[in-house]
Amino acid sequence: MKEISDSIPNNSTQRLKYMQLVDYVMAQIAQNELAINDRLPSLNQLTAELRISKETALKGLQYLSEKGIIESEYRKGYYVKRLKLEQRYRVCLILDKMNILRDRVYQAFLETIHDQAEVDVYFHHHNFKVFEKLVEENLNGYTHFVVVTFFRENPAPVLNKIPAHKRIVIDHNEHGLEGTYSCIYQDHKSDLVDSLTTLLPQLEKYKRLVLVAPLEAFHAQDLIAGFEAFSKEHKKNHKIIHQVQPDSFKKGDAYITFSRYDQDDVDIIKLCRKKSWKLGQDVGLISYNDTAVKEVLEEGITVISTDFRRMGEEAANAILNEAHVTLRDPAIVIIRKSL
């Protein structure tokens, strides 16, 4: 290996100290002194050769890890995994699942960040142990983490392991997080109150509002709180149920649904057909989250829907602009024949 003075660019002393190590490693790669799968000198060797502290050297190694140039192996050291700094950012995108709504977030994020970042996508499927492992195993490998949570357990201790400047939480505004980080979130309680207030003229013809709140839904309590607050403020006859039941299905009810696979919408439509009732006249239906099917089903289902594309765009912009943002992504109402 060549002497350090032959490898570091002349202007390196004007840069941050830890970048001396970065320059050194990249110069070794450029001069074919280091190749893929080669092991870097030990931490003690690097600090001695570069005349920098252990803390400074570790910062340089972390920078190279975040960029994907090197990778650490437990008790073995650091190995070269890539030869070029191709993108400025490496993003670990951790989603709860993949469906049409998450796909909107994902596609908008990719389109906005374009070729400025390498993006790896992982899914935890609401399994807290999987989520914890994903975070812990990737802490040093990325410049940013964009994370969707929704757990029964408190994710704050795990999220706080991610340095605040790297942390972007989307969809759900978690509490107990440290530092200055970015968050683009839904406020389910306020969204429901605001949306039902917008729909007051359409709701006048219905005798009762019925919220169908599946017990397994992660945001059920927020929606229940919003539903009760709206009903109390506007003196609306209302009821909360956990699933649609044929024996309690009544003419004059307006239903609000948010089941994961839209099963409640299907059940309501089937019951209307069975009783020869007209959806939007005899029974009302408001469904959460718009899809192409809801636009055409039964001449159109009225929806309360968050702009998931904007959520992805704003997360990407927070990275590109190197800014910390806290943004509520408010829901919009699309009125169709079902109300």
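The values are calculated or read from the model by the stated rules, or taken from the named source; none is laboratory data. Since the model is a prediction, treat every value here as computed from it, not as a measurement. Cβ atoms come from the backbone with ideal geometry, glycine included; neighbour counts cover every protein chain shown. The area values use the complete protein model at the heavy-atom level, side chains included, leaving out ligands, DNA and RNA. Shrake-Rupley method; radii C 1.70, N 1.55, O 1.52, S 1.80 Å.
For this structure, a couple of remarks:
- Filtered by the rule that a residue be among the hydroxyl-bearing types (S, T, Y), open to solvent by less than 30 Å² (accessible area, probe 1.4 Å) and modelled with pLDDT of 85 or more, segment 7-26 gives a lone residue, Y24.
- Test: residue in segment 123-135 that is open to solvent by 40 Å² or more (accessible area, probe 1.4 Å), aliphatic (A, V, I, L, M) and at pLDDT 95 or above: yes
- Failed item, numbered, when K337 is tested on (1) in a helix (DSSP H, G or I); (2) farther than 15 Å from V212 by Cβ: (1)
- If you go through segment 76-94 and keep only what is of a type in the set (A, V, I, L, M, F, W, C) and either under 20 Å from L320 (Cα atoms) or touching a Pro at 6+ places or on another chain (Cβ under 6 Å) (or both), you end up with L85, V91, C92, L93, I94.
- Only one of S195, S190, S182 that is of a type in the set (S, T, Y) and open to solvent by 20 Å² or more (accessible area, probe 1.4 Å): S190
- Qualifying positions in segment 49-90 - in a helix (DSSP H, G or I) and under 30 Å from the mean Cα position of the chain (by Cα): L58, K59, G60, L61, Q62, Y63, L64, S65, E66
- The residues in segment 263-305 that are more than 21 Å from L209 (Cβ to Cβ), at pLDDT 95 or above and of a type in the set (S, T, Y) can be counted, and the count is 1.
- Residue list for segment 303-322, restricted to those being under 16 Å from V91 (Cβ atoms) and either in contact with a helix residue (DSSP H, G or I) (Cβ under 7 Å, 6 or more places away or on another chain) or open to solvent by 40 Å² or more (accessible area, probe 1.4 Å) (or both): M311, G312, E313, E314, A315, A316, N317, I319, L320, N321, E322
- Residue pairs meeting the criteria (Cβ under 7 Å; at least 6 apart or on separate chains; first touching a residue at least 12 places away in the same chain (Cβ under 8 Å), in segment 323-338; second assigned to a loop (DSSP other than H, G, I, E, B) and of a type in the set (S, T, Y)): H324/T180; H324/Y181
- Condition met for I162 (assigned to a loop (DSSP other than H, G, I, E, B) and open to solvent by less than 30 Å² (accessible area, probe 1.4 Å)): yes
- Any hit, segment 29-51, residues being within 20 Å of K84 (Cα to Cα), at pLDDT below 85 and surrounded by 14 or more Cβ atoms within 10 Å (Cβ to Cβ): no
Residue by residue, here is whether (1) of a type outside the set (D, E, K, R); (2) within 16 Å of the chain's Cα centre (by Cα); (3) over 24 Å from A331 (Cα atoms) holds:
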{"position": "P163", "(1), (2), (3)": "yes, no, yes"}
{"position": "V169", "(1), (2), (3)": "yes, yes, no"}
{"position": "H172", "(1), (2), (3)": "yes, yes, no"}
{"position": "H175", "(1), (2), (3)": "yes, yes, no"}
{"position": "Y181", "(1), (2), (3)": "yes, yes, no"}
{"position": "I184", "(1), (2), (3)": "yes, yes, no"}
{"position": "K189", "(1), (2), (3)": "no, no, no"}
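- If only residues of segment 232-275 that are in contact (Cβ under 8 Å) with a residue 12 or more places away in the chain and among the aromatic types (F, W, Y) are counted, the one that is surrounded by the fewest Cβ atoms within 10 Å (Cβ to Cβ) is F249.
- Scanning segment 208-227 for residues that are open to solvent by 20 Å² or more (accessible area, probe 1.4 Å) and not in a loop (DSSP other than H, G, I, E, B) yields R208, Q221, D222, I224, A225.
- Restricting segment 283-302 to residues that are open to solvent by 40 Å² or more (accessible area, probe 1.4 Å) and touching a strand residue (DSSP E or B) at 6+ places or on another chain (Cβ under 9 Å), the residue that is nearest to L223 (Cα to Cα): E295
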